[in-house]
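The values are calculated or read from the model by the stated rules, or taken from the named source; none is laboratory data. Small disclaimer: the values here were computed from a predicted structure and weren't measured. We place every Cβ from the backbone using ideal geometry, glycine too, and count neighbours over all the protein chains shown. In case anyone asks, the SASA skips ligands and DNA or RNA and just uses the protein heavy atoms, side chains included. Shrake-Rupley method; radii C 1.70, N 1.55, O 1.52, S 1.80 Å.
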Amino acid sequence: MQNRTIYIIAELRKGCITQETYELVSFARAVDNGKKPVFLLLGKKVEGQAREISQKTGCDSLVLTADHLEHYNALSYTHALIEILQEQTACWVCLPHTSMGYDLAPRLAVSLDAACVTGVESVRDVALGRPIHSGRFVEEIVPNTPRVVVTVLPGAYRPCEGAIDAVGTVQVREAAFTELPSRTLGSLESAYRDSALKDAEVIVSGGRGIGKKENISLIKELAAVFPRSAVGASRSACDLGWFERKQQIGTTGLTVSPKLYIACGISGAFQHVSGMRGAQTIVAINTDIHAPIFQVAHYCVVEDLTTFIPVLLEELSLGRSVVPQKYLD
C-alpha cells in the first residue's frame, strides 16, 4: 500500500474543538492500522486549541493562522489548505460530516484532484461504507486516487480514548492572504438551538410515523416519566409543523448523546441517525420491521406507538420494572 498521511481538519464551535473532530481520530486509525493522523487547524489565535488536541490525542498539529481565517469560509479555507496538501502525493483528508465538512469537502477534492466520499460510517481495508436509500442499504466505495477527501458521519465512531504515549507537537504557519470573491464577516447561532436536548439524559423523539400531531401528547407523556428528559423530533416531523424546529435532531439539527434515546415512528434515515447514534441505549418503536432505525437500535419494538406507549405508561404507573431503574433515578 502506498505510504500516505492521514489529515484531520479540526472544527471549532464557539472557540472549542467539537466532539465530531475527536471522533475522526478513531476513524483515521481504522483507515491506517493505528497510525496517528495529523491535525490541521485553521483560524486566528487558535494555538491553545491545537495544544489541547495534541495533549488529548498525542497527534501532531499544524496551525494555519491569519486574520482572514477567523471565521469559516470555504474559499479562504481551501486556499490555505491547498498550500499544505498539494505537497502530498498521497494523503487522506478527513472532515466531520457537518455543515462545514460537506461544504468544504467537494471544493477541496476538486482542487486536489482527489476522490470525494461523503457521509461515511465505516471503513474496511480501504473500502468506505456509507448508507444509501434512507439508510436501508450500505454501499462500499474504494477510492482509486492517491488523494482522498472523506466526511464521516457524527457518532459513527467513538471519540478517541485512553492514555497517550506522548504529547504531539504543534507547528504554526502564517497563511498567505489572497483576495477572494467572498469573505465571512461572522456567524450567529441558530435561534432554534435547544439546550434542554443537549443536557437531557433521556430523549423521546417523534417522527412522521407517529401519524398525526395529536399523538405528540403520547411522546410528551412518555418523556415526563423520566427525570432530566426532553422531547426531540426528526426533520420530516418538523417540516410537517408537528414539532418546533429547535427540537430537530440530525445532520441539519442537533447532535445528542443521551443515556437513553427512544425513537417513536422514526424510520431511521442516516441524516437523523447521525445525530443520535452516540446514545448509550437506543429503543426504537416502529410498525415497519424493515425500518433502518432497527439497525442501530439496541431494543426494537415492532408495534404501533399508539398501542405500545399507553401499555408502557400503565406498567410504569403500577411500579413494574419494565424500564431499568438507572433511567428513572
Can you pull the percent of region 49-121's accessible area that's carbon plus sulfur, 1.4 Å probe, other chains left in place? 42
Could you tell me the relative contact order of region 75-119? Use alpha-carbon pairs under 8 Å, at least six residues apart, and round to a whole percent. 42
The base-10 log of I(q)/I(0) that the Debye equation returns for region 50-137 at q = 0.14 Å⁻¹, one scatterer per C-alpha, is -0.64
Taking a quarter of the surface of the Cα convex hull of region 216-329, what do you get in nm²? 6.6
Summed over the other residues with a beta carbon less than 10 angstrom from that of residue 258, with K and R at +1 and D and E at -1, the charge totals +1
Residue-ordered couplings for region 259-266, obtained by feeding phi - 60° into the Karplus form 6.51 cos²θ - 1.76 cosθ + 1.60 and rounding to whole Hz (Gly and Pro as x), are 5, 9, 10, 10, 9, 10, x, 10
Taking every DSSP beta bridge that has both residues in the chain, what percent is antiparallel when rounded to the nearest 5? 15
1/(1 + (r/R0)^6) with r = Cβ-Cβ of residue 166 and residue 75, R0 = 41 Å, i.e. FRET efficiency to nearest 0.05, evaluates to 0.65
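Could you grab the relative contact order for region 80-173? Cα pairs under 8 Å, six or more apart, rounded to a whole percent.
Normalised by residue count, the contact order of region 80-173 is 33 percent.
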Highest first, please rank the peptides 209-216, 293-300, 279-286 by the mean number of other Cβ atoms sitting within 10 Å of their residues. 279-286, 293-300, 209-216
Considering the alpha-carbon set of region 24-182 alone, what are its Rg and its Dmax in angstrom? 15.8, 46
What's the center-to-center distance, using Cα atoms, between region 239-277 and region 140-160 in Å? 23
Relative contact order of the chain, please, whole-number percent, based on alpha carbon pairs below 8 angstrom and at least 6 residues apart. 15
Exactly which chymotrypsin sites (Phe, Trp or Tyr not before Pro) in region 167-248 are in a DSSP loop and have at most 15 other Cβ atoms within 10 Å? 177, 192
Radius of gyration and maximum dimension Dmax of region 234-300, Cα, Å: 11.1, 29
With the cut-off at 17 Å, report for region 1-108 the share of all Cα pairs above it, as a whole percent. 50
Can you check what the Kirkwood hydrodynamic radius comes to for the chain, Cα pairs only, in Å to one decimal? 21.2
What's the ranking of 197-208, 133-144 by average number of surrounding C-beta atoms within 10 Å, highest first? 197-208, 133-144
For region 1-58, what is one quarter of the convex hull surface built on the Cα atoms, given in nm²? 4.1
Interchain or sequence-distant (5+) residues whose placed amide H lies within less than 5 Å of the amide H of residue 172 are 63
Name the long-range amide H neighbours of residue 281: under 5 Å, sequence gap of 5 or more, or other chain; modelled H, no Pro or chain starts. 260, 261
Per-selection Kirkwood Rh - region 215-262 (Cα, Å, 1 d.p.): 11.4
Lys pairs in the chain, Cα-Cα under 22 Å, at least 8 apart or on separate chains: how many? 21
Bins of 10 Å from zero: percent of alpha-carbon pairs in region 90-221: 9, 23, 31, 25, 10, 3
